[in-house]
Amino acid sequence: MFSNPTNRLVQISGMNEISDLNVIGIDGKALMKQKIRPGEILDISSLPAGTYILSISNEQEVFHQTVMKM
């Protein structure tokens, strides 16, 4: 996952299959949910500046990454 911190776009990498993505605020509230493909770019421009947790899961694994939106 890279551009971190970002103003808008986050490149999702390290996955081999379509997965579920949840963007979670620091307060634990789910803000976005969608399916993503390997290499997909996530646009978080609609979110206010802050720290978010990206939770990516499929049938085999769960991955969490913190992202800072400027």
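The values are calculated or read from the model by the stated rules, or taken from the named source; none is laboratory data. This is a predicted model, so every value here is computed, not measured. Neighbour counts run over all protein chains shown; Cβ positions are idealised from the backbone, glycine included. In case anyone asks, the SASA skips ligands and DNA or RNA and just uses the protein heavy atoms, side chains included. Shrake-Rupley method; radii C 1.70, N 1.55, O 1.52, S 1.80 Å.
Could you provide, to the nearest whole Å², the per residue accessible area of the chain with probe 1.4 Å? Working shown, then result.
Details: 4470 Å² over 70 residues.
On a per-residue basis, the chain sits at 64 Å².
So if a site counts as exposed when it's one of the trypsin sites (Lys or Arg not before Pro), its DSSP state isn't H, G, I, E or B, and it has at most 15 other Cβ atoms within 10 Å, what's the longest stretch of the chain without one?
30-70
With an 8 Å Cα cut-off and a minimum separation of 6 or more residues, compute the relative contact order for the chain in percent.
With pairs under 8 Å counted, the relative contact order is 36 percent.
May I ask you to list the GluC sites (Glu not before Pro) in region 13-70 that are in a DSSP loop and have at most 15 other Cβ atoms within 10 Å of their Cβ?
17, 59, 61
Which whole-Hz ³J(HN,Hα) couplings does region 39-48 yield from phi under the Karplus relation 6.51 cos²θ - 1.76 cosθ + 1.60, θ = phi - 60°, glycine and proline marked x?
With the stated coefficients, region 39-48 comes to x, 5, 9, 9, 9, 10, 5, 7, 8, x Hz.
Taking the alpha-carbon set of the chain, what are its Rg and Dmax in Å?
11.2, 32
Report in % the part of the accessible area of the chain that belongs to carbon and sulfur, leaving out ligands and nucleic acids; probe 1.4 Å.
51 percent
With Cβ to Cβ distances under 14 Å as the rule, what net charge do the other residues near residue 61 carry (K, R +1; D, E -1)?
Combined, the nearby Lys, Arg, Asp and Glu give -3.
Put one equal scatterer on each alpha carbon of region 29-70, apply the Debye formula with no solvent term, and list log10 I(q)/I(0) at q = 0.17, 0.19, 0.31 1/Å to two decimals.
Taken in order of the listed q values, log10 I(q)/I(0) reads -0.52, -0.65, -1.43.
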